[in-house]
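Visitor: This structure is in structure tokens; I'll ask about it shortly.
The values are calculated or read from the model by the stated rules, or taken from the named source; none is laboratory data. Keep in mind that this is a model prediction, so the values were computed, not measured. Heads up, the Cβs are rebuilt from the backbone with ideal geometry, glycines too, and the neighbour counts pull from every protein chain shown. For accessibility, only protein heavy atoms count, side chains too; no ligands or nucleic acids. Shrake-Rupley method; radii C 1.70, N 1.55, O 1.52, S 1.80 Å.
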Amino acid sequence: MTESGRVVCGRRLCPTCGRPTARCYCSLVIRIPSKVRLVIWQHPSEENHPKGTASLLHACLPNSQLVVSEQLNREVLLKQVGLSREVQPVLLFPSDNHQPKPVSNQESPAALLALDGTWRKARKLLYLNPWLLELPRLSLDDLDTQVTGNYRVRKAEKPGQLSTLESCCMALAQMEQNTGKFDPILTAFEAYMQQLEQFRPNHGT
């Protein structure tokens, strides 16, 4: 790799984010420290997806870890992300028939765990790793926010669904009780959406 980035299949890649230069988001990254550690558990099928949002989110949050795997036990995951075995992460996932331990407003969770992938892949992570079902869970339905999804470049399962980046920003703001703290990341996300919409495969990359 050179300073200008390596070339793969005729496309020059950014040496920092590893994406084709036309899809590079490095100029949009704004680093915001969070009190709550964010752990993004990414399904392997999402790792190199050109329209994924987890890598941009990870670049913007110094207090975050990105793990790529389909199956991990609790101890291995916590060790990989540098959390003690005593930490009980809060799982960011929609409500379902399962009744997880509720998250008390009086608690200050040390970590938020988000599953990154299509809804089908995220559910697969959940059920391949049944220990996740025992974690306290935070659903976007429980958040005090009126924000609607702005993830226009990828088909959602249902109207109004949020991307990983959007949902994590909303959850972290709620957990830290700091409305608007992560809005600059959402602004960067919007700029990246505009960038992807303007991208054409036959134009300069």
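Visitor: Rounded to whole Hz and in sequence order, give me ³J(HN,Hα) for segment 111-127 from the Karplus expression 6.51 cos²θ - 1.76 cosθ + 1.60, θ = phi - 60°, writing x for Gly and Pro.
Guide: Rounded to whole hertz, the list is 8, 10, 10, 10, 9, 10, x, 4, 4, 5, 6, 5, 5, 4, 4, 4, 8.
Visitor: What are the GluC sites (Glu not before Pro) within segment 23-86 that DSSP puts in a loop, where the Cβ has at most 13 other Cβ atoms within 10 Å?
Guide: Counting only loop positions with at most 13 other Cβ atoms within 10 Å, the GluC sites (Glu not before Pro) in segment 23-86 are 86.
Visitor: Averaged per residue, what accessible area in Å² does segment 10-66 show with a 1.4 Å probe, protein chains only?
Guide: Ligands and nucleic acids excluded, the result is 44 Å² per residue.
Visitor: Same structure, new question: Which distance in nm do the two modelled labels at residue 47 and residue 187 give, with both placed 7 Å along the Cα-to-Cβ direction?
Guide: Going from the residue 47 label point to the residue 187 one covers 3.5 nm.
Visitor: Let me ask you something else. Can you list the HN-Hα couplings for segment 48-61, worked out from phi with the Karplus curve (6.51, -1.76, 1.60; θ = phi - 60°), rounded to whole Hz and with x for Gly and Pro?
Guide: Coupling constants for segment 48-61: 10, 5, x, 10, x, 10, 5, 5, 5, 4, 4, 5, 7, 10 Hz.
Visitor: Using amide H atoms built 1.01 Å from N in the peptide plane, name the residues 5+ places from residue 138, or on other chains, whose amide H lies under 5 Å from its own.
Guide: 91, 92, 93
Visitor: Compute the FRET efficiency between residue 197 and residue 118 as 1/(1 + (r/R0)^6), taking r as their Cβ-Cβ distance and R0 = 30 Å, and round to the nearest 0.05.
Guide: 0.90
Visitor: Mind listing the long-range amide H neighbours of residue 13? Cut-off is under 5 Å, sequence gap 5 or more, other chains count too, H placed in the peptide plane at 1.01 Å from N.
Guide: 6, 7, 8
Visitor: Compute the FRET efficiency between residue 32 and residue 67 as 1/(1 + (r/R0)^6), taking r as their Cβ-Cβ distance and R0 = 25 Å, and round to the nearest 0.05.
Guide: 0.75
Visitor: Still on this structure: Would you pull out the residues with amide H under 5 Å of residue 65's amide H, same chain only if 5 or more places away, H placed 1.01 Å from N?
Guide: Under 5 Å from the amide H of residue 65 lie the amide H atoms of 38, 39, 40, each far enough along the sequence or on another chain.
Visitor: Taking the mean number of other Cβ atoms within 10 Å as a proxy for protection, how do you rank 165-175, 57-67 from highest to lowest?
Guide: 165-175, 57-67
Visitor: Take residue 85, project a point 7 Å from its Cα along the Cβ direction, then tell me which residues of segment 57-74 have their backbone nitrogen under 20 Å from it.
Guide: Answer for this model: 72-74.
Visitor: What list of ³J(HN,Hα) values in whole Hz, one per residue of segment 22-34 in order, does the Karplus curve 6.51 cos²θ - 1.76 cosθ + 1.60 (θ = phi - 60°) give from phi, with Gly and Pro shown as x?
Guide: Coupling constants for segment 22-34: 5, 10, 5, 10, 4, 5, 9, 5, 10, 8, 10, x, 10 Hz.
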